[in-house]
1. Starting from the Cα of Arg54, step 7 Å along the direction of its Cβ; do the same at Glu238; then give the gap between the two resulting points in nm.
2. What angle, in degrees between 0 and 90 and rounded to the nearest 10, separates the Cα long axis of helix 16-29 from the longest principal axis of the Cα atoms of the chain?
3. GNM, the chain, Cα, under 10 Å: largest mean-square fluctuation among Asn142, Asn171, Asn72?
4. Restricting to DSSP H runs of at least four residues, report the calculated mean residue ellipticity at 222 nm for the chain, -39500 (n - 2.57) per run over all residues, nearest 500 deg cm²/dmol.
5. Roughly how many Å is it from the Cα centre of the range 176-244 to that of the range 142-163, as a whole number?
6. If each Cα of the chain is one equal point scatterer, what is log10 of I(q)/I(0) from the Debye formula at q = 0.13, 0.14, 0.18 Å⁻¹?
7. Running Debye on the range 127-216 with equal point scatterers at the Cα sites and no solvent, what base-10 log of I(q)/I(0) appears at q = 0.13, 0.22, 0.23 Å⁻¹?
8. For the range 172-212, max minus min Cα coordinate along each principal axis, in Å, sorted largest first?
Amino acid sequence: MNKIIAVASGKGGTGKSTISVGIGRELANAGNKVLIIDCDSGMRGVDIMLGVSRNLVFDMADVVSGECEIENSVYPCGCGGNLFMIPAPNDADDELSPNVFRRFLEAVADVFDYILIDSPAGVGSGLKTAVSIADMALVVCNPEPASLRGCNNVRRILLENGISNIRLIINKFSERSFIGMSFYPDLDAVIDETGIQLIGIVPEDLRMAASVQSGVLPEKSSLAKGAFERIAMRIRGEKVMLPF
Ligand SMILES: Nc1ncnc2c1ncn2[C@@H]1O[C@H](COP(=O)(O)OP(=O)(O)O)[C@@H](O)[C@H]1O
Ligand SMILES: [Mg+2]
């Protein structure tokens, strides 16, 4: 089972946090106990997207420094009592080492069916820590050249860290922009350039993005929500046709 899943990308702003929240909610709505860990020290935003930022007192750095117990840093986020999150340290200097993060995760892993790790952008030490105990990685890209180049570098780091179960999510896809900008002849060319097997395409959906940024649930009819649902089903091992 793919239990600990790192969500990564080379470039910032591809949609890692939005996707962690979107997929986390769908896994939780399907009855799984889900933990989202914000690993973007100094840039944390998952708490805002899950509407719990006002409740925060402790984060991962406080647990590691002995300031609080782990359970004090785990915040419930709705979805029928199935969704929880742990905030990243507010201070970028409090980035955890891979060993400390691994011990931290081992202490909470048994309680959850799925753990999603929202990784920092890039291929630096933050990514290496975030993926240190993952058994699957979702690489998020946007269908444009600079974003795809980052995917190759992330894929290399993942492989170097022993993660071979890697899947691609193409986010913010708009058919009109894709054809209009004509960077690539088709989506196969995008996938080929990353060298990563596709698990889903999330459409550009400004209303969903606005809801998530405001910490409220996206509408049921939202296009992106449907894509999150299908990706969550694939993660759960269900056979769901890819969109093309
Ligand atoms: N599918 C989407 N459609 C439209 N906007 C999106 C989508 N996914 C993310 N966004 C927007 O893109 C920006 C970056 O998203 P975010 O999840 O914070 O990226 P990252 O965590 O990779 O830095 C945000 O403004 C977010 O609302
Ligand atoms: Mg983010």
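1. 3.4 nm
2. It is inclined by approximately 80 degrees.
3. With Cα springs under 10 Å in the chain, the top fluctuation among Asn142, Asn171, Asn72 is at Asn72.
4. Values: 10 runs with 92 residues, N = 244.
Only helices count here, giving -10500 deg cm²/dmol.
5. Taking the Cα centre of the range 142-163 as reference, the centre of the range 176-244 is 18 Å away.
6. Here log10 of I(q) over I(0) equals -0.73, -0.86, -1.46.
7. Taken in order of the listed q values, log10 I(q)/I(0) reads -0.49, -1.06, -1.10.
8. For the range 172-212, the Cα extents along the three principal axes come out at 32, 24, 10 Å.
Read-outs: derived from the displayed coordinates by stated rules, not from any lab. All values reported here derive from a predicted model rather than from experimental measurement. All Cβ positions, glycine included, derive from the backbone under ideal geometry; neighbour counts span all protein chains shown.
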